[in-house]
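Each remark here refers to the structure printed beneath this line.
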Amino acid sequence: MGFTPVWNSGEVPPTIRVGMERLAQNGLFRDSFVQRRALVPMLGYYDWQLGPDGIERSYFVRSEDTVMAALAIYNVREDQGRRRTSVALVTRDTGATGDDRVPSILAAPDWNEWLDPAPVADPAELLGRVSEQSSLFAATLVQHRVADSINSPYSRDAANLITPLRRRA
């Protein structure tokens, strides 16, 4: 389930990702950014790139030596007598295209600053630091081509979806 504000009773659809630049400005996310930050562990993420022939190809982006953690915000709200947690990944603009967004990922030494439970005193300052840290860490990531079956709803072999695609001889 995507991120749902505590006040939402169904009129706003859940959000699965939010741009870092919107966290402090948009009332939908501001309170969670200030008080409820989280990390989502991941082995990597998928990226699609347009080849010279105009065909989009699938890539798996990962760190060479560590599990990664993507920035996230969350809410916990009551819904029909049950506590429900909702989460949205925080993304950043790569600047490559008008709509090229990727998860904001931090290296392990930078996790504590994002997870600090104290409310954020200066949102712009925190966003500036984690944006810079995320960009620096992103420069160390590697990618490899994977099978386009990632786009198929019938793919069931998860290990195969991150296995490097072999080049034809």
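Go through segment 66-89 and give me each residue that's assigned to a strand (DSSP E or B) and open to solvent by 10 Å² or more (accessible area, probe 1.4 Å).
Hits for segment 66-89 are Y74, V76, R77, E78, D79, R82, R83, R84, T85, V87, L89.
Does segment 8-37 hold any residues that are touching a Ser or Thr at 6+ places or on another chain (Cβ under 9 Å) and part of a strand (DSSP E or B), and which are they?
T15, R17, V18, G19
Would you confirm, using the coordinates I've provided, whether G128 is more than 14 Å from the chain's Cα centre (by Cα) and modelled with pLDDT under 90? Before the answer, list the steps.
Values: more than 14 Å from the chain's Cα centre (by Cα): yes; modelled with pLDDT under 90: no.
It is false that G128 is more than 14 Å from the chain's Cα centre (by Cα) and modelled with pLDDT under 90.
The values are calculated or read from the model by the stated rules, or taken from the named source; none is laboratory data. Because the structure is predicted, anything quoted here is derived from the model rather than measured. When we count neighbours, we look across all protein chains shown, and the Cβ atoms used for this are built from the backbone with ideal geometry, even at glycine. All accessible areas refer to the heavy atoms of the entire protein, side chains included, with ligands and DNA or RNA removed. Shrake-Rupley method; radii C 1.70, N 1.55, O 1.52, S 1.80 Å.
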